[in-house]
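Worksheet: one structure, shown below.
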Amino acid sequence: MMKHIALATVVLTGLLMIYVTESFPTWGDPNSPASLHVSNHYIENSLPETDVPNIVTAVLGDYRGFDTMFETTVVFCAGMACFFLLGAYKREEPAIRYYRHTATGVVLQFRNGAKGPRQGGAFERIDPTWTPYDFIVSRVCKLMIPFIQIYGLYVIAHGHHSPGGGFQGGVILAAGFLLLALSHNLRTLTERISHRVLGIMSAIGVVIYAGYGALALLYGGNFLDYSALAGLLGVDPIYARSLGIMIVEIGVGTTVMSTMVIIYNNVASVGRYDEGL
Amino acid sequence: MIWQIDQAILVLVMVCAVAALQIRDLLGAGIVFGAFSFMMCLLWTSMGAVDVAFTEAAVGAGVSTVLFIAAVFRTSRGSKD
């Protein structure tokens, strides 16, 4: 019964929405409300005012920078919420620890906190559910990851000249790390970049953004008015706005990258950070 | 905009959306959601919203599919209803 009511509601709402689209302005209509006021200003003045060819980045990073700052804060809060909901506060050391000799594949057991071989030598720490790495998958990932990371950095650095920016570049950077966790395991990932570092980086991104905005206050401008920092950077005010957009994009990218990895780590391992998928 | 391509992508978007709801295997549903996001990405591109398309490709089709898979592996693979 409930199913039928729900279906009827969905169909009715869908039909209503299709009916309402009739009264929308047509595609690309120059007299539609969206293209009458503020859009024209952005399209005509964003290049001379900010020296940024990509209007979208100019709007996100400069004209509506306050909005983007809190979006970054929301991303940061999402990562923290995931950590507090799923993260295990006390890391329990298992009674038996396993170490595998990488050359021969012999697995050693250490009981009751006995000290194992040192990390990074001929032995590697593994979990009881460990499965051997697939040769092709791990090699292909090894080849791909550096290029993915460089592409992510490229997208962040060229956010104002090409599509993309801090959010997309940060996600691509994080995808490189997730690929490492998927092809090996989570322990390999946390050896490269620990959870503490990720948490700190996630906060640093927000601090870069808000701090650079606040720096403009010190130099006599408004909050997030990057042109006030022209004297500090030694460039003209218009180019200072372009540089300011790039700096806050770096902050956004840092936060998004580390938050994505934090969320993945917590979801994939229920806060224990021992094994991957 | 080539309307034939737009029409084909729109049909595929709807097929993916309905399939994602109908599939009992949650892992399969996650993959279908990835395909859905990719079709949406193509739609944004054909509308000229390249920034949005880029975000859709990176976040929608890329990372959220991985997060779906991670969540499915930590719960149960079959759907109860």
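Before moving on, here are some points about what is shown:
- Search result, residues across segment B:39-81 that are more than 10 Å from every other protein chain (Cβ to nearest Cβ), within 23 Å of residue A:259 (Cα to Cα) and open to solvent by 50 Å² or more (accessible area, probe 1.4 Å): B:75
- Search result, residues across segment A:153-174 that are in a helix (DSSP H, G or I), within 8 Å of another protein chain (Cβ to nearest Cβ) and either open to solvent by 40 Å² or more (accessible area, probe 1.4 Å) or in contact with a strand residue (DSSP E or B) (Cβ under 9 Å, 6 or more places away or on another chain) (or both): A:167
- Of the residues making up segment A:28-65, those that are of a type in the set (Gly, Ala, Ser) and crowded, with 17+ Cβ neighbours inside 10 Å number 4.
- Among the residues of segment A:181-194, those that are away from chain B (no Cβ under 12 Å) and either among the acidic types (Asp, Glu) or out of contact with any Phe, Trp or Tyr (no Cβ under 8 Å at 6 or more places or on another chain) (or both) comprise A:188, A:191, A:194.
- Criterion: within 32 Å of the chain's Cα centre (by Cα) and modelled with pLDDT under 80 - qualifying residue of A:154, A:89: A:89
- Residue, least open to solvent (accessible area, probe 1.4 Å), within segment A:124-144, restricted to residues that are in a helix (DSSP H, G or I) and within 14 Å of another protein chain (Cβ to nearest Cβ): A:141
- When residues of segment A:1-58 are limited to those that are touching a residue at least 40 places away in the same chain (Cβ under 8 Å) and in a helix (DSSP H, G or I), the one nearest to residue B:22 (Cα to Cα): A:56
- The residues in segment B:43-65 that are among the charged types (D, E, K, R) and in contact with a Pro (Cβ under 9 Å, 6 or more places away or on another chain) can be counted, and the count is 1.
- Matching residues in segment A:166-200 - criterion: being within 30 Å of residue A:51 (Cα to Cα) and over 11 Å from the mean Cα position of the chain (by Cα): none
- Matching option when the condition is away from every other protein chain (no Cβ under 14 Å), open to solvent by less than 60 Å² (accessible area, probe 1.4 Å), of a type outside the set (Lys, Arg) and over 22 Å from residue A:59 (Cα atoms), among A:221, A:205, A:244, A:199: A:199
The values are calculated or read from the model by the stated rules, or taken from the named source; none is laboratory data. Model, not experiment: these values are computed from the prediction. Here Cβ is always computed from backbone atoms with ideal geometry, including for glycine, and neighbour counts include all displayed protein chains. These area figures cover heavy atoms from the full protein model, side chains too; ligands, DNA and RNA do not enter into them. Shrake-Rupley method; radii C 1.70, N 1.55, O 1.52, S 1.80 Å.
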